[in-house]
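The values are calculated or read from the model by the stated rules, or taken from the named source; none is laboratory data. This one's a predicted model, so the numbers in the text were calculated from it and none came from an experiment. In this analysis, Cβ positions are derived from the backbone assuming ideal geometry, glycine residues included, and neighbour counts consider all displayed protein chains. SASA here: full protein model, heavy atoms, side chains in, ligands and nucleic acids out. Shrake-Rupley method; radii C 1.70, N 1.55, O 1.52, S 1.80 Å.
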Amino acid sequence: VTVFSLSLQGRDSNSLEMARNVLKKCKTLMLPGFLRTFDATEYKESIYIATEAVVPLQSVISNDSAKIEFYEEATGEKYNNAVALGLKYIAQALNAIHKHNLVHGNIGAEEVFVTKGGEWKLFGLELVGAWNEEHSLLKRNAALLPEFRRSALQSESFNVYDIDAWGLGCLIYIVYSSSAAKDPKAIKVSDMRACRSMPRTLQPAFMALTGTNAKLRMNFGKFLNECEFVSGSDYVQMVNHLDNLAVTDATDRDNLYRKLAGQMDDVPLCACKHIVLAKLLTALSFGGGSAAVLEPILKIGSRLPADEFSQHVGPIVTNMFTSQDHLVRCRLLASTSQYVKLLPADLVNEKIYPHYQTGFTSKHADIRELTVRALVDFAPLLSEKNIVNDVPRNIGLLQQDREGPIRTNATICLSMVAASLPESVRSKTLVNGFGRMLKDPFVPSRTAALRSIGGTLDYYTPQQLAELLFPAVCPCSVDVHSEVREAAITLMSEMTQRLTANHKEMPSVGPDGQPLGSPQTPASSLSAAKADATAAAGGSWGAIGGFFGSGSAPTSGPKPSTETPAKPSTASSYTPSPATPTPAPVPKPTATTI
């Protein structure tokens with residue numbers, strides 16, 4: 001918020017009249033292009049006006065560092081695009097008041113202000129009044145204006161726009177004249193005729209606005225439509241399309257979103273944050289979003305640091321997770337690696353996660369699969385409550401899914417989020433989650449369970465390896481499918497190495513239960529054996545690999561089951577086999593399409 005204040009003490013009657021005119025007009029001129037006023041009041045011989053946060057245009061154009069801050073360059077295409085958009089806003093504001101037979105009469109760099117997004121807004125309402133009013137404030141106080149700006153008042157006004165057309169021409173000259181920008185009061189009318197620094201596409205309109213014959217000056221409706229510098233700017237057209245999203249049909253809206261993604265690198269970052277993202281959030285809030293909108297949002301997000309990403313992009317992502325649109329949810333889940341790590345944990349747990357976890361029970365198979373894949377990105381940010389209570393339950397739910405690939409990916413996901421599980425429940429959760437999948441009818445699911453156990457061996461105690469996992473893995477070594485047998489034998493070899501190392505570290509005990517001596521090998525043998533087993537597995541996740549079917553992840557619509565559904569487990573957790581298990585019958589081969 002910016003607060004304008006003026007003390008009325010010691011002011012003459014003319015100054016008081018102009019000050020109170022500003023107080024009155026700022027409340028009534030709520031038109032496009034004018035500085036937005038939140039509140040205004042006169043209190044204890046002072047006037048206070050609260051507006052949106054702005055800085056004077058004069059301070060921006062007279063300082064190259066300020067230009068770079070707002071527009072990323074002091075000259076060039078980005079700066080010209082920002083000027084074109086600014087002139088469009090000023091012309092719209094003037095065109096609006098002229099329709100009400102009002103004249104501004106005080107257009108200059110000191111009366112135009114720049115918002116956080118680099119937009120120009122018109123203010124300086126001291127002389128606003130009815131056109132051709134005999135004793136108007138404009139006529140009575142014309143002498144207070146700089147000499148080059150009051151030139152239009154020295155001749156008869158034939159149209160309501162005559163005076164303001166000259167004023168806009170003066171503003172254009174100040175913007176593109178380096179000497180004028182630093183000292184506007186030193187400008188002479190003759191100097192304006194010699195300006196050659198402005199773009200060629202703007203010069204015809206500039207000459208039409210500042211013509212010596214007031215009758216022939218360009219009105220602002222014509223300026224907006226015929227000035228190639230403004231109407232031909234891709235940046236201005238982009239902002240126009242964003243302003244009209246509410247009345248744009250779905251097809252054109254999706255085309256705009258796709259086009260936006262390619263334009264974001266050419267738009268100043270301030271405009272991306274405060275103009276583009278703000279308008280996209282407004283469109284999403286009123287049902288104008290689609291799956292395509294995520295692409296330009298993430299494109300902008302890639303240019304932001306983490307704190308600004310959470311501030312500007314976080315609300316949009318949260319809003320999109322509340323959408324019931326199937327394709328929007330698919331696109332969100334498929335892109336989690338690009339934005340989740342940049343979001344604050346509080347936002348994820350309190351506002352996003354409740355909507356995200358509904359995907360585990362979606363009726364669409366692709367939503368369920370993408371949801372479990374996305375859990376790998378969400379898990380490091382989840383609170384202990386969500387990790388302990390919800391994650392095992394949701395993964396267990398998908399491990400009983402009717403789709404084999406989803407069951408497989410749920411198992412792989414469990415192994416990839418194991419590090420995020422609290423140590424107190426980690427090993428129990430993993431044993432239960434992997435154990436139940438060793439008897440799954442889908443071959444890749446059994447293989448994934450075996451490789452997941454191998455990738456998480458560091459989380460199990462020797463007792464768990466010997467009493468729980470070995471008895472469960474052994475039957476897989478005689479599976480009818482060679483892929484399963486190979487994975488089971490490799491895993492048993494790794495577990496054997498760890499148990500052997502543990503055996504050498506354990507002291508021998510005599511018949512009386514007393515230790516007989518020191519351990520048979522140094523204490524480092526167990527860690528060395530673990531390292532050998534990990535290396536044999538190909539690294540921490542080398543034995544697991546990526547998600548099953550990652551090369552052809554579904555994007556829309558449920559897919560039919562291509563294999564025999566798994567029977568739901570009747571037990572809430574996996575129960576290990578006895579110490580001497582009864583050999584399981586060899587399953588008959590079944591035709592399975594993967």
Could you list, ordered by first residue, the pairs with Cβ atoms under 7 Å in which the first is in the stretch 298-313 and over 13 Å from LEU277 (Cβ atoms) and without any contact (Cβ under 8 Å) to a residue 60 or more places away in the chain and the second is in a helix (DSSP H, G or I) and open to solvent by 30 Å² or more (accessible area, probe 1.4 Å), at least 6 apart or interchain?
ALA306/LEU342
Going through the stretch 178-216 one residue at a time, which ones are of a type outside the set (D, E, K, R), more than 38 Å from the chain's Cα centre (by Cα) and either assigned to a loop (DSSP other than H, G, I, E, B) or within 23 Å of ALA66 (Cβ to Cβ) (or both)?
SER179, ALA180, PRO184, ALA186, ILE187, ALA194, CYS195, SER197, THR210, GLY211, THR212, ASN213
Could you pull out the residue among GLU72, GLU45, GLU77 that is at pLDDT below 95 and touching a helix residue (DSSP H, G or I) at 6+ places or on another chain (Cβ under 6 Å)?
GLU72
Of all residues in the stretch 1-18 being more than 26 Å from GLN92 (Cβ to Cβ) and either in contact with a strand residue (DSSP E or B) (Cβ under 8 Å, 6 or more places away or on another chain) or in a loop (DSSP other than H, G, I, E, B) (or both), which is least open to solvent (accessible area, probe 1.4 Å)?
LEU8
Take ARG373 and tell me if it is in a helix (DSSP H, G or I), in contact with a helix residue (DSSP H, G or I) (Cβ under 9 Å, 6 or more places away or on another chain) and under 25 Å from ALA487 (Cα atoms).
yes
If you go through the stretch 117-146, how many residues are assigned to a helix (DSSP H, G or I) and either of a type in the set (Val, Ile, Thr) or out of contact with any strand residue (DSSP E or B) (no Cβ under 8 Å at 6 or more places or on another chain) (or both)?
5
Scan the stretch 370-382 and give yes if some residue there is under 28 Å from the mean Cα position of the chain (by Cα), of a type outside the set (Asp, Glu), open to solvent by 50 Å² or more (accessible area, probe 1.4 Å) and over 26 Å from VAL478 (Cα atoms), otherwise no.
yes
In the stretch 249-289, what residues are outside any helix (DSSP H, G or I), at pLDDT 85 or above and open to solvent by less than 40 Å² (accessible area, probe 1.4 Å)?
VAL267, PRO268
Considering only the stretch 35-115, give the helices (runs of 4 or more DSSP H) lying wholly within it that have at least 1 residues that are in contact with a Ser or Thr (Cβ under 8 Å, 6 or more places away or on another chain).
64-71, 77-98
If the Cβ limit is 7 Å and pairs must be 6+ apart or interchain, which residue in the stretch 65-82 that is at positive phi pairs with which residue that is open to solvent by less than 30 Å² (accessible area, probe 1.4 Å)?
GLU72/PRO268
Considering every residue within the stretch 147-165, establish whether at least one is modelled with pLDDT of 90 or more and in a helix (DSSP H, G or I).
yes
Taking the stretch 23-67 and keeping residues β-branched (Val, Ile, Thr) and open to solvent by less than 90 Å² (accessible area, probe 1.4 Å) leaves THR37, THR41, ILE47, ILE49, THR51, VAL54, VAL55, VAL60, ILE61
Per the list (1) of a type outside the set (Ser, Thr, Tyr); (2) open to solvent by 40 Å² or more (accessible area, probe 1.4 Å); (3) closer than 30 Å to VAL103 by Cα; (4) at pLDDT 90 or above, residue check on CYS227 breaks on (2)
Across the stretch 290-306, what is the total count of residues that are within 25 Å of ASP325 (Cα to Cα), hydrophobic (A, V, I, L, M, F, W, C) and open to solvent by 10 Å² or more (accessible area, probe 1.4 Å)?
2
Please verify whether the stretch 233-248 includes one or more residues that are among the β-branched types (Val, Ile, Thr) and open to solvent by less than 20 Å² (accessible area, probe 1.4 Å).
yes
Per the filter on the stretch 421-468, residues without any contact (Cβ under 8 Å) to a residue 40 or more places away in the chain, closer than 15 Å to LEU499 by Cβ and crowded, with 23+ Cβ neighbours inside 10 Å are ILE453
Which of the helices (runs of 4 or more DSSP H) contained wholly in the stretch 441-521 include at least 2 residues that are within 45 Å of the chain's Cα centre (by Cα) and within 20 Å of GLY546 (Cβ to Cβ)?
443-455, 482-505
Condition check: in contact with a Phe, Trp or Tyr (Cβ under 8 Å, 6 or more places away or on another chain) and open to solvent by less than 30 Å² (accessible area, probe 1.4 Å). Does ALA93 satisfy that?
yes
